[in-house]
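Here is the structure we will look at.
The values are calculated or read from the model by the stated rules, or taken from the named source; none is laboratory data. On a predicted model such as this, the values are computed, not experimentally measured, just so you know. Methodologically, a virtual Cβ is constructed for each residue, glycine included, from the backbone with ideal geometry; neighbour enumeration extends over all protein chains shown. Heads up: the accessible areas ignore ligands, DNA and RNA and are worked out on the full protein's heavy atoms, side chains in. Shrake-Rupley method; radii C 1.70, N 1.55, O 1.52, S 1.80 Å.
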Amino acid sequence: MEKLTHSEKIGRELARRIKGEALFDEFSRTLYSTAACIYQVKPLGVVLPRDRDDLLEVVDFARREGIPLTARGAGSGLSGQSIGPGIIVDFSRHMNRLLEISAEESRVRFEPGLVCGVLNLALGKQGDFFPPDPSTSDYCTLGGMLGNNSSGAHSVKYGNTIDYVQAIEVVLSDGTLLTLEEGKDSEGAGKGIYTQLTRIIEGNREIIEAAYPDLPKNCSGYPLDRVEEEGSFNLARLFIGSEGTLGFITSATLKVIKRPPFRSLAFFYFDSLEKAGEAVMKTLELGPSMLEIMDRRCLEKSREARPDLERFLPEGVEAQLLVEFDGSDRSAPAGDMETLSELLCVKHKLATGMDRAEKPEEQQTLLDVRKAMLPILNRLRGPRRVASFIEDAAVPPQRLPEYITSLYEILDRNGAEAALFGHAGQGNLHTRPLLNLKEEADIARMQSISREVHSLVISLGGTVSGEHGDGMVRSEYLPQQYGPAYQLMREVKGILDPPGIMNPGKIIDVPQGNMIRNLRYGPESEISNTDTIL
């Protein structure tokens, strides 16, 4: 008689119930045990649902067996939100259809496994686009973008994923299929849930308003502050940025917009990070469509990796701003860039110079280099590698110079170097310290830096996560960031996921010190002697 492991027994049972695949073999479990993060947790197994009916079967089985469920798209999340000890539900294989494009109503409907780049290719045929553009947009799934409230380089003008959500269909842990749409009450089984959630939001407006930072981007915790805006009530927004801890989105409807046909791009060079930070506020006054910052270390590594770009990456520069203006009129973006050049280089003498990219191929090259910044940094040689744990802090843009100064004081005090780049226009800096996470001393250093930086960010009116999510790395700071509003988040979780099986260990009730548990390269890791990135 064949002897099966617990994992294999679950796999066989699920394989009988669904049309999709149930992968509970050792190889699949190891493959899905990590993602683009610093963590590793081996799951019981992986399910690739073929459709919504499959998903309902998996949720029903998991609830009755008390098995955690974790949603996964491309596995490109940096915070550990797409790994877990139970069943991983991978939407990318089958539930990836573009269900509808409505040019007349400027909206699209799709399944969560659809890749963002694929959507934009389809939209491009009619001159539309979905603006949020994370650096992984060529392969990240829209379900992951909804789960993270993703944004990207152009969010300074076009906002974040949550700004485009019109409706979602979601499966809750009790099997309830809930449809949430802007301006409409939920009917049927979801009506009681809708009433409870509405009571929390409307009955605690003052607490919510006081607790949430006034920022252009924030994907930390549950967006209680975004449910009711300008007279419009949209509970679908509550699930955006929830990292699959409240339910699984089976389909979503987003609005899309026309793509501006003209743009102007330029690099501005600075002899100090502080001056670059001051220049950010001057630039924002002109309404750029992109405003990115890169520090000296990033520039040096980019120059090594792309010698063909030497013209745009001169030596002796401490910081660089990549600025873009776009518009429907050919002359407007170019005129805005001329005005900005006069402000930064002549009037305020903040920038030491600038270099414009006029040809479309040059412009695309600059954008590609910015998009490849993280892969370039990941190729750094030596035992100390860039680590993602404070990379997503965001502060009010006007406090960016203060944040940069204090940030480097913290890094110096802890004996760590770092590379800094990111979305300066929204105060969202992707700071990546260089650490060897195979060493106990650097793990302790990581924890110390994390505590100090996130406390600094909160004191400046910022958020611990601007676009990459809380996951396993930042969730422990949410009570500190939100105070009384955190209890409201716990109530929301209790209403939508009473058994607590939806992606536990993220956002809600995460203990202090969680960020250094289950490290992929830690001394106790199964793969601590490898450098594989899945």
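Here are some residues: Glu318, Glu278. Which one is charged (D, E, K, R) and in contact with a Ser or Thr (Cβ under 9 Å, 6 or more places away or on another chain)?
The unique qualifying residue is Glu318.
Looking at region 407-417 only, could you name the residues that are modelled with pLDDT of 95 or more and either open to solvent by 10 Å² or more (accessible area, probe 1.4 Å) or over 16 Å from Met294 (Cβ atoms) (or both)? Reasoning before the result, please.
Here is the first cut: in region 407-417, the ones modelled with pLDDT of 95 or more are 407, 409-416.
Glu409, Ile410, Leu411, Asp412, Arg413, Asn414, Gly415, Ala416 - these are the residues of region 407-417 that are modelled with pLDDT of 95 or more and either open to solvent by 10 Å² or more (accessible area, probe 1.4 Å) or over 16 Å from Met294 (Cβ atoms) (or both).
For region 216-235, which residues satisfy the criterion of being at pLDDT 95 or above and open to solvent by 30 Å² or more (accessible area, probe 1.4 Å)?
Asn218, Asp225, Arg226
Among the residues of region 33-72, how many are within 21 Å of Lys19 (Cβ to Cβ), open to solvent by less than 30 Å² (accessible area, probe 1.4 Å) and touching a Leu at 6+ places or on another chain (Cβ under 8 Å)?
Of the residues in that region, 10 qualify.
List pairs: first residue in region 66-80 and aromatic (Phe, Trp, Tyr), second residue open to solvent by 10 Å² or more (accessible area, probe 1.4 Å) anywhere in the structure, Cβ distance under 8 angstrom, at least six positions apart or on different chains.
Every condition considered, no pair remains.
Can you tell me which residues in region 395-405 are outside any loop (DSSP other than H, G, I, E, B) and open to solvent by less than 10 Å² (accessible area, probe 1.4 Å)?
The answer is Leu400, Tyr403, Ile404.
Gly244: of a type outside the set (S, T, N, Q) and farther than 22 Å from Gly483 by Cα, yes or no?
Criteria met by Gly244.
Which residues, counting only those in region 430-459, are over 18 Å from Gly80 (Cα atoms), of a type in the set (A, V, I, L, M, F, W, C) and open to solvent by 10 Å² or more (accessible area, probe 1.4 Å)?
Correct list: Leu434, Ala441, Ala444, Leu456, Ile458.
Out of region 467-525, which residues are of a type in the set (Lys, Arg) and outside any loop (DSSP other than H, G, I, E, B)?
Filtering region 467-525 for residues of a type in the set (Lys, Arg) gives 474, 490, 493, 506, 517, 520.
Scanning region 467-525 gives Arg474, Arg490, Lys493.
Can you work out which of the residues in region 249-304 that are under 30 Å from Asp53 (Cβ atoms) and of a type in the set (A, V, I, L, M) is surrounded by the most Cβ atoms within 10 Å (Cβ to Cβ)?
Of everything passing the filter in region 249-304, Ala252 is surrounded by the most Cβ atoms within 10 Å (Cβ to Cβ).
Name the residues in region 417-438 that are within 15 Å of Glu278 (Cα to Cα) and not in a strand (DSSP E or B), would you?
Residues satisfying the conditions are Ala424, Gly425, Gln426, Gly427.
Determine if region 100-122 includes at least one residue that is closer than 22 Å to Pro498 by Cβ and open to solvent by 50 Å² or more (accessible area, probe 1.4 Å). I'd like the intermediate steps shown before the answer.
The first filter runs over region 100-122 and keeps only residues closer than 22 Å to Pro498 by Cβ, leaving none.
No, region 100-122 has no match at all.
For region 1-36, how many residues are in contact with a Ser or Thr (Cβ under 6 Å, 6 or more places away or on another chain) and in contact (Cβ under 8 Å) with a residue 40 or more places away in the chain?
The number of residues fulfilling the criteria is 2.
Determine whether Asp392 is out of contact with any helix residue (DSSP H, G or I) (no Cβ under 7 Å at 6 or more places or on another chain) and crowded, with 21+ Cβ neighbours inside 10 Å.
Against the criterion (out of contact with any helix residue (DSSP H, G or I) (no Cβ under 7 Å at 6 or more places or on another chain) and crowded, with 21+ Cβ neighbours inside 10 Å), Asp392 qualifies.
Within region 280-315, restricting attention to residues that are part of a loop (DSSP other than H, G, I, E, B) and modelled with pLDDT of 90 or more, which residue is nearest to Gly159 (Cα to Cα)? Give the derivation first.
Taking region 280-315 as the starting set, the residues that turn out to be part of a loop (DSSP other than H, G, I, E, B) are 285-289, 306, 313-315.
Right, trim to modelled with pLDDT of 90 or more and you get 285-289.
Working: Glu285: 16, Leu286: 16, Gly287: 13, Pro288: 12, Ser289: 10 Å.
So the residue we want is Ser289.
Identify all residues within region 123-151 that are more than 23 Å from Ser242 (Cα to Cα) and either of a type in the set (Gly, Ala, Ser) or open to solvent by 30 Å² or more (accessible area, probe 1.4 Å) (or both); write none if there are none.
Hits for region 123-151 are Gly124, Lys125, Gln126, Gly127.
Is there any pair linking a residue in region 213-228 that is free of Cβ contacts under 8 Å to residues at least 24 places away in the same chain to one that is not charged (D, E, K, R), with Cβ under 7 Å and at least six apart or on different chains, and which?
Listed by first residue and then by second, the contacts come to Asp225/Ile208; Asp225/Tyr212.
Cβ contacts < 8 Å: first residue touching a residue at least 12 places away in the same chain (Cβ under 8 Å) and buried (at least 23 other Cβ atoms within 10 Å of the Cβ), restricted to region 313-334; second residue of a type in the set (Gly, Ala, Ser) and assigned to a loop (DSSP other than H, G, I, E, B), any location; separation 6+ or different chain. Result?
Partner pairs satisfying both residue conditions: Ala319/Ser272; Leu321/Ala351; Glu324/Ser289; Phe325/Gly287; Phe325/Ser289.
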